[in-house]
Amino acid sequence: MMRRFDLTFWLLFLTIILGVALRIYCVFVVDLSPELDFRRYYEVAENLAAGRGITLSETPYVAQPPLYPLLLGGWFFISEANVMSGKVLNLLLSVFTLLSWAWLVARARFPAWMQVVSLLIIAVHPAMVAYVVVLGTETLSVFLCTSLLAVAMLRSSLRWPLLGFISGFAILNRPQLLVVPMFVGGVILLLPMLRSRFCRGAIMLMIVPLLVVAPWMIRNFLTFDVFVPVSANSGYVLMVNNNENNGSGAWMPLSQVPLSDENLMAFERHAGMGRDFFAGDDEGLKFRMWTPQADKVASDVGKKWIVSNPLDFVELAWMRLKITYDIDSLMMWPFRQDAGLPNALMQITYALDLVLALLSVLGCVVGLLFRPRDRLLLSWLCALAVMFGIIAGVLLFEGQGRYLMPMLPAQVFVIMILFSPREAWTSLNRNSVGADVMA
């Protein structure tokens, strides 16, 4: 028995070494300069490290979620403000992800082969490896989602506040993950069998993220005199991806968005943006000039179109989901300035993602029918919430392959429970219900 334990440990250890080696190789071989969203993150981080505050183009930054540029700026402050330094930060986050996953699967007491195979997927998945060179939210999102699943496995009173803190940081990085504390806490409070034991923990899980996000919300209100929970781009994305001229479900320039005279008057009145602003050719400049006031108007325009055209919206949502699972959409960013991955590896990645998606859906259905045991239930609920939040964001706003990356650990975890022995399921093992209570 001891020999088997040692073998599992060394296989996990060697898998981590393999994953780290692949990431180090990418860091030094893949030459990628920040562009578009990633360029804005980089500029905000540079300004922060240089003492110019949280600014973009000399104006207060609020256009996108703040956590990654803040973290990157802090890292630049203690190291150097350059692309390689950012890659090293991503490398460290990725290493912590692998270590957290190894601890998680061991703590969950999954069979040895499942521990090794799941860690191997996290370690060598081409996107998980390649995005270490992309200075964006993806690697940080994966780390935070893996940490959520791991902390949910703790048997300590600190688990609930830690989950709240991590959820708050996850929201500041990907606002769609607001679903996590609301869904998990809501399920616990709605189900009597869980509410009687974990009521205080659920309330803490729902309150602590608000405390984490509150300083940023207060800063935004004092700066812009408008309530902005995380970022002021949700209305922008909602409007450009949901309108009668959008026939692909993909992003389109503001200059091509059909705006009525009433819409233009609303932008002029509330945001000071007239017809000339939308007709201009420089979309990057428009985004930098975008304000919370303009975002609120755009949100109203987008929501009004969706309500008025529900069938067209459903069609666009389906298109966005297909775009999101397009392998080119996933792998274009790390290799945007390179030749890209070999076609065979691209197809293997696509097949792997498709299998993970189908099996995780099956795992969700089976989990709802039979309910995982208490020692796995909280992590399973977190995984479900992550998947739901990300997919809902894709369907409503925008589809890109990179948006699915935080889902990968959640999907793998749900699949592992799906293939676990019957002892992992409450309805299949009634004699042991309540034997391993969530502390």
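Relative to the longest principal Cα axis of the chain, at what angle does helix 374-396 sit, 0 to 90 degrees, rounded to 10?
With rounding to tens, the tilt is 20 degrees.
So what's the angle, to the nearest 10 degrees on a 0 to 90 scale, between helix 2-29 and the longest Cα principal axis of the chain?
Relative to the chain, helix 2-29 is tipped by roughly 20 degrees.
Can you give me the solvent accessible area of residue 276 with a 1.4 Å probe, rounded to the nearest 10 Å²?
Roll a 1.4 Å probe over it and residue 276 shows about 130 Å².
Any chance you could give the angle, 0 to 90 degrees and rounded to 10, that helix 83-107 forms with the longest Cα principal axis of the chain?
30
Placing +1 at every Lys and Arg Cβ and -1 at every Asp and Glu Cβ, with all other atoms neutral, what dipole size does region 1-104 have around its Cα centre, in debye to the nearest 20?
So the magnitude is around 440 debye.
Taking only protein heavy atoms and a 1.4 Å probe, what accessible area per residue, in Å², does region 195-300 have with all protein chains in place?
With the other protein chains kept in place, region 195-300 gives 51 Å² per residue.
Considering the options 194, 78, 352, tell which one lies farthest towards the positive end of the dipole of the chain, charges being +1 on Lys and Arg and -1 on Asp and Glu at the Cβ, about the Cα centre.
Sorting the options by dipole projection puts first 194.
Mean-square fluctuation check for the chain, GNM, Cα pairs under 10 Å: which of 90, 309, 47 is largest?
Of the options given, 309 has the highest mean-square fluctuation.
Order the following by accessible area, largest value first: 195, 200, 375, 320. Probe radius 1.4 Å; ligands, DNA and RNA are ignored.
The most accessible residue leads, giving 200, 195, 375, 320.
Go ahead and set up a Gaussian network model of the chain, Cα springs under 10 Å, then flag whichever of 344, 250, 392 fluctuates most.
344
Give the dimensionless ratio obtained when the Cα radius of gyration of region 172-225 is divided by 2.2 N^0.38 Å.
Here the Cα radius of gyration is 1.39 times the empirical estimate.
For residue 286, go through the lysines and keep the ones whose alpha-carbon is under 23 Å away, minus same-chain ones fewer than eight residues off.
Candidates past the 8-residue exclusion: 296, 303, 304.
Could you point to the residue in 329, 41, 384 farthest towards the positive end of the chain's charge dipole, with +1 and -1 charges on the Cβ of Lys/Arg and Asp/Glu respectively?
Positive-end residue among those listed: 384.
With only Lys, Arg, Asp and Glu charged, each at its Cβ (+1 for the first two, -1 for the last two), find how big the charge dipole of the chain is about the Cα centre; round to the nearest 20 debye.
Computed about the Cα centre, the dipole is about 2160 debye.
What FRET efficiency, computed as 1/(1 + (r/R0)^6) with R0 = 30 Å and r the Cβ-Cβ distance, is obtained for residue 190 and residue 325, rounded to the nearest 0.05?
0.40
Let's see if you can work this out: charge +1 on each Lys and Arg Cβ, -1 on each Asp and Glu Cβ, no other charges. What is the dipole magnitude of region 153-278 about its Cα centre, in debye to the nearest 20?
1060
Would you kindly state how much longer the chain becomes between residue 207 and residue 24 on full extension, computed as 0.36 nm times their sequence separation minus their alpha carbon distance, in nm to one decimal?
Full-extension gain reported as 62.0 nm.
Which one, 95, 394, 366, has the greatest fluctuation when you compute a Gaussian network model over the chain with C-alpha springs under 10 angstrom?
Result: 366 has the largest fluctuation of those listed.
By how many nm would the segment from residue 355 to residue 312 lengthen if fully extended, with 0.36 nm per residue of separation less the alpha-carbon distance?
Gain on extension, residue 355 to residue 312, equals 12.6 nm.
Determine the gain in length on full extension of the stretch residue 58-residue 78; use 0.36 nm per residue of separation and subtract their C-alpha separation, reporting nm with one decimal.
4.9 nm
Please give the net charge around residue 323, taking every other residue with its beta carbon less than 15 angstrom from that of residue 323, where Lys and Arg add +1 and Asp and Glu add -1.
Combined, the nearby Lys, Arg, Asp and Glu give -2.
The values are calculated or read from the model by the stated rules, or taken from the named source; none is laboratory data. In this text, all values refer to a predicted model and were calculated from it rather than measured experimentally. Every residue, glycine as well, gets a Cβ built from its backbone with ideal geometry; the counts of neighbours run over all protein chains shown. The area values use the complete protein model at the heavy-atom level, side chains included, leaving out ligands, DNA and RNA. Shrake-Rupley method; radii C 1.70, N 1.55, O 1.52, S 1.80 Å.
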